[in-house]
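Q: Structure below; questions to follow.
Read-outs: derived from the displayed coordinates by stated rules, not from any lab. The shown structure was predicted, so the numbers you read here are calculated from the model rather than taken from an experiment. Cβ placement follows ideal geometry from the backbone for every residue including glycine, while neighbour counts extend to all protein chains displayed.
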Amino acid sequence: MSVLLQGLLYIVLAPILGGLLSGFDRILTARIQSRVGPPILQPFYDVGKLFSKEQLLVLKSQSIFVIGLLISMIITGALFFAQQDFLIVMFVFSLSGVFLVLAAYQIGSPYSFVGAERELIQMLAYEPMILLIPVGVYMAIGSFSIQDILNSPDPLFFQLPGIFFGYLYVLTIKLRKGPFDLSASHHAHQELVKGITTEFSGPNLALIELAHWYENILLLGIIYIFFAPWPVVAVLVAIGTYALEIFVDNSFSRVKWDLLLKSSWWMTLILGGGNIVYLYLVKQFPALFSF
Amino acid sequence: MSVLSKSPWVIHYDGSSCNGCDIEVLAALMPRFDVERFGIINTGNPKHADIFLITGSINEQNIGIVKNIYEQMPNPKVVLALGICATSGGIFKDCYNVYGGVDKVIPVDVYVPGCAVRPEAIIDGVVKALGILEKKREQDCGGNCSCSGEGAC
């Protein structure tokens, strides 16, 4: 299968898989709370409904940023699944986060503004770890290309366990799960009204949700590359990770922003930084580690 | 039935209720009744909501707030007056500061009487409101419902 086709497949299939994943998420959450929960297609009903609603705009330009968010998210994922350069993928990924913050910032509504501020703090918390992944990958296999990662004989996980677990820690922030769900208050619908998405209604809100589905599939794809030589294990680990995130989401109350920032930076430093220092020592002084 | 009635998101506002009806609204949202089975989600944001639940009568203090919430909701939308105070003013009808029921200020689609209104009645009212939501959507589209919103029709 050509890499171009894989990129196109992502563009077509990611919203379907992402929506199903979201439906699975809501059912599992309901079961944890002793409820029956919605049908698995509920996220599609929600997005379909939002598209059929009236578009209320505070500023016309807010649509542009939302479309920017969706397009940059699709480009990120398509580049990733078309096995391009990992570093470029991560930079475009950051851009999509910036679009959402700008969309919420410019409106001037206090709830939207606080949501955007918190989203920036979340970005501060997760970006260092996200950027350490390509660094670690380069030190392990000497290339940023995702094609080379997929062709490497051994799973990256054995060289980058620290980076993998550090990534799991910040993944909670990226998936907008508790205890780190500060900016959008995905489950606590009353807190901050709806944070960063307060001022978006109808089709714009549907586009933000769609971008989130694309993002979730990409995030699970990054887990896949840690176990790339064993595809079945990799898919199982990705699904298991998502289930774990749902359990964590339902087990912890929300933390304050300073704990979020401090804990993710410490995790990044200890797990991510420690892993990279270890890799450096192994590559530079192999004699030290040949017992 | 379109997707509209499969995902009704509600917003709840307490007018000048004694809190009896509010507690019943929250009871209807708890795991025992599990309204998320029908896709119902309690949002705190009028811009995301389709159904406006009001408990309690309208008075001088909240008249502007109720109008504001109603106007911030995107079309199509329905309003439910929950409890006897919201439907007609109830025992507070003759108070000097009370205007009366919610329909004095904004158009009400479903009246759910009761003091306090039962969770089963609330869910029944919301299900009835879904039919009205469908009709409103068809009116908005002028019978041509293949088009999406955004004033395209």
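Q: Using the alpha carbon gyration tensor of chain B, what are the three equivalent-ellipsoid semi-axes (square root of 5 times each eigenvalue), largest first, in whole Å? All intermediate terms of the calculation are to be shown ahead of the outcome.
A: Values: eigenvalues 137, 68, 30 Å².
Those come to 26, 18, 12 Å.
Q: Still on this structure, please answer the following. Please list 3J(HN,Hα) in residue order for the range A:242-256, calculated via the Karplus relation 6.51 cos²θ - 1.76 cosθ + 1.60 where θ = phi - 60°; whole Hz, with x for glycine and proline.
A: 3J(HN,Hα) across the range A:242-256, in whole Hz: 5, 4, 4, 4, 5, 5, 4, 4, 8, 9, 10, 7, 5, 9, 7.
Q: What dipole magnitude, in Debye to the nearest 20, does chain A give about its Cα centre under +1 on Lys/Arg Cβ and -1 on Asp/Glu Cβ?
A: Computed about the Cα centre, the dipole is about 380 debye.
Q: Using the Karplus curve 6.51 cos²θ - 1.76 cosθ + 1.60 with θ = phi - 60°, work out ³J(HN,Hα) for each residue of the range A:48-53 in order, rounded to whole Hz, and write x for Gly and Pro.
A: Computed from phi, the couplings for the range A:48-53 are x, 5, 4, 5, 8, 8 Hz.
Q: Roughly how many nanometres apart are two label points built 7 Å out from the Cα toward the Cβ at A:V233 and B:K135?
A: The two pseudo-label positions are separated by 6.2 nm.
Q: Oh, and also: Given the range A:131-177, what whole percent of its Cα pairs are spread farther than 15 Å?
A: Taking all Cα-Cα pairs of the range A:131-177, the fraction more than 15 Å apart is 46 percent.
Q: A follow-up question, please. By the scheme Lys and Arg +1, Asp and Glu -1, what is the net charge of all other residues having a beta-carbon under 14 Å from that of B:V126?
A: Details: positive: B:K6, B:R37, B:K77, B:R118, B:K128; negative: B:E24, B:D34, B:E36, B:D50, B:D109, B:E120, B:D124, B:E134.
Result for the local shell: -3.
Q: For an R0 of 25 angstrom, estimate the FRET efficiency from the Cβ-Cβ distance between B:D103 and B:R32 and round to the nearest 0.05.
A: About 0.20, to the nearest 0.05.
Q: Using Cβ counts within 10 Å as a stand-in for footprinting exposure, how do B:C21, B:C85 rank, fewest first?
A: B:C21, B:C85
Q: Fully extended, how many nm does the chain gain between A:Q33 and A:A243 (0.36 nm per residue separation, minus their Cα-Cα distance)?
A: 74.1 nm
Q: Also, I was wondering about something else. What three numbers, in Å, describe the spread of the alpha carbons of the range B:2-76 along their principal axes, ordered from the longest?
A: Extents along the principal axes: 37, 29, 16 Å.
Q: Expressed in whole Å with the largest first, what are the equivalent ellipsoid semi-axes of the range A:58-185 derived from the C-alpha gyration tensor as the square root of 5 times each eigenvalue?
A: Calculated on Cα positions only, the semi-axes equal 31, 17, 9 Å.
Q: Per 0.36 nm of contour for each residue apart, how much would the distance between A:V3 and A:S263 grow if the chain were fully extended, relative to their Cα-Cα spacing?
A: On the way: separation 260, 0.36 × 260 = 93.60 nm, distance 3.78 nm.
That pair, A:V3 and A:S263, stretches by 89.8 nm at full extension.
Q: Note down the magnitude of the dipole of the range B:3-141 about its Cα centre, charges +1 on Lys and Arg C-beta and -1 on Asp and Glu C-beta and zero elsewhere, to the nearest 20 debye.
A: 180 debye
Q: Here's another thing I want to ask about it. Would you be so kind as to identify which of B:V79, A:I276, A:S72 lies farthest towards the positive end of the dipole of the protein assembly as shown, taking Lys and Arg as +1 and Asp and Glu as -1 on Cβ and the Cα centre as origin?
A: The residue sitting most towards the positive pole is A:I276.
Q: Once amide H atoms are built 1.01 Å from N in the peptide plane, which residues 5 or more positions from B:S57, or in another chain, come under 5 Å H to H?
A: Distant-sequence amide H within range of B:S57: B:S16, B:S17.
Q: Moving to a separate point now. In sequence order, what are the phi-derived ³J(HN,Hα) couplings for the range A:26-42 according to the Karplus relation 6.51 cos²θ - 1.76 cosθ + 1.60 with θ = phi - 60°, rounded to whole Hz, with x for glycine and proline?
A: 5, 5, 4, 4, 5, 5, 5, 8, 6, 10, 7, x, x, x, 5, 8, 3
Q: Separation between the B:N75 and A:L59 pseudo-spin-labels, each 7 Å from Cα along Cα→Cβ, expressed in nm?
A: 2.7 nm
Q: Also, quick follow-up: Test of understanding: express the Cα radius of gyration of the range A:134-291 as a ratio to 2.2 N^0.38 Å, with N the residue count.
A: Values: Rg = 18.2 Å, N = 158, 2.2 N^0.38 = 15.1 Å.
In units of the 2.2 N^0.38 Å rule of thumb, it is 1.21.
Q: Another one. Per residue and in cubic angstrom, what volume does the convex hull of the Cα atoms of the range A:230-291 have?
A: Per-residue hull volume (Cα only) is 137 Å³.
Q: Neighbouring Cβ atoms within 10 Å as the yardstick, rank A:Y280, B:Y96, A:Y105, A:Y242 fewest first. Don't skip to the end; give the middle numbers.
A: Values: A:Y280 11, B:Y96 6, A:Y105 17, A:Y242 20.
Taking fewest neighbouring Cβ atoms as first place, the list is B:Y96, A:Y280, A:Y105, A:Y242.
Q: Do the sum for the protein assembly as shown: with -39,500 (n - 2.57) for every DSSP H run of n ≥ 4, divided by all residues, what is the mean residue ellipticity at 222 nm, to the nearest 500 deg cm²/dmol?
A: It lands at -18500 deg cm²/dmol.
Q: How large are Rg and Dmax for the range A:119-218 when calculated on the C-alpha trace, in angstrom?
A: 16.7, 49
Q: Taking every residue in B:73-82, how many Cβ atoms of other protein chains lie within 10 Å of its Cβ, on average?
A: 2
Q: Long-range amide H contacts for B:V79: which residues qualify at under 5 Å (H placed 1.01 Å from N, peptide plane, sequence gap of 5 or more or a different chain)?
A: Those lying under 5 Å, H to H, from B:V79 are B:F52, B:D109, B:V110.
Q: What is the Cα coordinate range of chain A on the first, second and third principal axes, sorted by size from largest, in whole angstrom?
A: Taking max minus min along each principal axis of the Cα atoms, chain A gives 66, 44, 42 Å.
Q: Give the long-range amide H neighbours of A:S145: residues separated by 5 or more places, or on another chain, with amide H under 5 Å away, using H modelled in the peptide plane at 1.01 Å from N.
A: A:F86
Q: Cα centroid distance between the range A:243-270 and the range A:5-52, in Å?
A: Rounded to whole Å, the Cα centres lie 24 Å apart.
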